[in-house]
Structure formats: C-alpha cells, structure tokens
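K.L.:
Have a look at the structure that comes next, please.
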Amino acid sequence: MKFFVYGLATLALATPSTLAFILQQRQTSPSRGNTILFSPEYESKLCIKHSEINGERPTKKKRQIYKHLFRHFGDISFDSWLRCLEPEAFLKSVGYTTQEIERLEREYPTILSLNVHDQLAPKVRFLVETLQGGNGRLTWNEQENEFAVQDHEECDVSEDQEQEANAFHSMRLFDSTKDVVDAAFFGCQLDRIVGPYHAYLETNGLPHGRELLENPVLFKAFLKACNSKSPAAFVALCQEWSNGLGYHTMESVETFSREFTPGLIPAAKGLAYGGKKGLVPLLLNHGANPLEYDRNGVIPLFWAAGSGDLDAFKMLLQSISVEHEYGESVFDALDSEREPKDGATALHWACCGINEDY
C-alpha cells in the first residue's frame, strides 16, 4: 500500500513529544469523557478521511478567505433547526427582551432580516465564547424538545414554538453585555474584520476579551474601528492603546490578517513547515472549526501530530471533544461518510514527522 501521508509528513521536523503523548494515550482504557486515541476498537476510526475523487485530478483553486468562524455545530439536527429559526425568536432565546429587540431594530433596521445561522448566531457565540460576555452553549439541552428534533427539517415553526426557543439551548448573554453591545455590532464582518482584529489585539497584549466588555468606551472604540472602511482606524487605535510602547502599522495588521483569515488548515499545515505556531489556538478561540478538512480529507489534528506541536495537538483534540460533548465519544467527530484513503492514523503522522536525529 502506498502511503500518501508519509510523503507529506516526512517533510516536517517534529519533536518526539507528540509521539510520546499519543503512545501514552494508547494505554488508556476507553470511556466516555476521556480522550482515547488508539485503543484497538477505535484505532480504525482515526484514519485519514477524504472525499472520493473520480477521474482527472481537479485543478488547484485559488485560496479563498475562510468564512466559517462559529458556524459549525456538532449536532446536525441543531444546525438544521437553527437555519429555520426566525431572527426575533433567536434573539429572545439568548436573553433579549421584546423592548431590547425593538431598540436594536431602531438602531439597525435590517437586523431582523439577518440569517440566524450565518450571521446572528456566530456573532452571539463570539460574544459568549471569545469575549466571555455570557454563558451556556449553543447546542441542544440534555432534555431535547421533541418538536426541535422531529420538525427541524421542515422548518414548520409556529409562533408559540418560536417563543419557546429559549428552552432548546443554554446560551445566554449577560445583561451587562447587552447594555454594551449596540446593534452596529451585528452588522460587522466577523470573518474578515472583527475576528482578525480581536485576535491581533490578543496577540499583542492589548485590551481584548472580557476587558473590552467591562469597559464600554473600549468596546465602542473597537467597534468603531471595525466599522471603518480602512485598517488605518484600527492601527491608530492599537497605537493609542499601546501608550507609545508598541509599533503597529498597516503592514503589520494586514500581514496578520492574511495569516489568520484562511483558517485552521493552512495554519496547521504551516506548523510542519516552520509556520507561526500561535495561530492554531488563536483560531480555535475565535470560532474556527477543528473538524475542517483539506482537499484530501485531512483534519488539522493530523497536521499538528506530524509537525510535533504537542500544544496545538492537545488543543485541537480538546476542541473536538467539546464539540461532541453529547456524543458517544470524541471518535464520533472523526467518523464520517468519507472512506479511509491510506489507513494512516495520527500516530503514523507523528512517527513520520520525527527527525532522524532523535
């Protein structure tokens, strides 16, 4: 059997730490809630997956900007239900009152025409999961509502059922967050602007996360910079917040954005070729999908294993576990309809990436 994976992974110069970690996990008995990588009954599920490509190899497409921050959900039924939900019902489900929604609509008249799955829900998840402006998770409660599970595909949502949407999941915004965040936030571009800009602040030790929400002046300044047509406003804000101790330029911001926006696959692949190590945790903290896969069906976990970046490997594995918290195990996330290509596992990738000097 020819192992395509070996030709890729041997290009990496890895440390033995990832291999040691994986081998250690192999000895652990499988049980729900524990991350087990290579117990016998699960080993086949860690195979690299890929979509079958028939006929001539497709021409490599120009790399497109990554547009999926906080748009992935571990449960396809919840994903489908969210696509059917009306904007007003969704806003009520995360804690907004009728009066607060009316205020948002006055400030941003098109807010109730935004797509819940692709526009409203990602912004709310960003507020809760990245800025720590709320609690809970945007996934089914443990006691699922019978309507939500059975009727999500038909989108047959009555007004009464919409009003009960807040019973389906546990995510709620804090009252203080709703007071600080005005309607203009929901009109910002999360993937191109808000996400990369906030990640830049975090990387450079500038005010970010909960600190922004605790200081309305800081958050509104950040939001104003995000709504500006030019990065110059954000550069000026970074200079102001640095108190003259930092040096931020248009070039530095644009360079960071170019590295951040393509997503996890380029960031994880970059680990194997001397790329920037800090991008993987940044992307995960800003809503990147840990189960994103490249044209060969390889997920970032394997690239991290091949590169020997133990921290990135652990963080990706933890993210996969969280995404599938209510599934049978983390291996549900790795088991898909795509057939195994080479039969190679993350352990193979770690072995292939080991430097001969070790």
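K.L.:
Amide H neighbours of residue 170 under 5 Å, counting only residues 5+ apart in sequence or on other chains, H built in-plane at 1.01 Å?
P.N.:
137, 139
K.L.:
Calculate the tail of P(r) for segment 85-132: the fraction of all Cα-Cα distances greater than 18 Å, expressed in %.
P.N.:
That fraction is 25 percent.
K.L.:
Relative to the present Cα-Cα distance, how much length would full extension add between residue 295 and residue 188 at 0.36 nm per residue of separation?
P.N.:
Full extension of this stretch gives 35.5 nm more.
K.L.:
Something else: How large are Rg and Dmax for segment 241-285 when calculated on the C-alpha trace, in angstrom?
P.N.:
Cα radius of gyration and Dmax of segment 241-285 are 12.4, 37 Å respectively.
K.L.:
Of the accessible area of segment 192-291, with the probe set at 1.4 angstrom, what percent is carbon plus sulfur?
P.N.:
Looking at segment 192-291 in its full context, I get 54 percent from C and S.
K.L.:
Search the structure for amide H atoms under 5 Å from the amide H of residue 134, placed 1.01 Å from N in the peptide plane, and list their residues when 5 or more places away or on another chain.
P.N.:
HN-HN under 5 Å from residue 134: 174.
The values are calculated or read from the model by the stated rules, or taken from the named source; none is laboratory data. On a predicted model such as this, the values are computed, not experimentally measured, just so you know. With ligands, DNA and RNA removed, areas are computed over all heavy atoms of the protein, side chains included. Shrake-Rupley method; radii C 1.70, N 1.55, O 1.52, S 1.80 Å.
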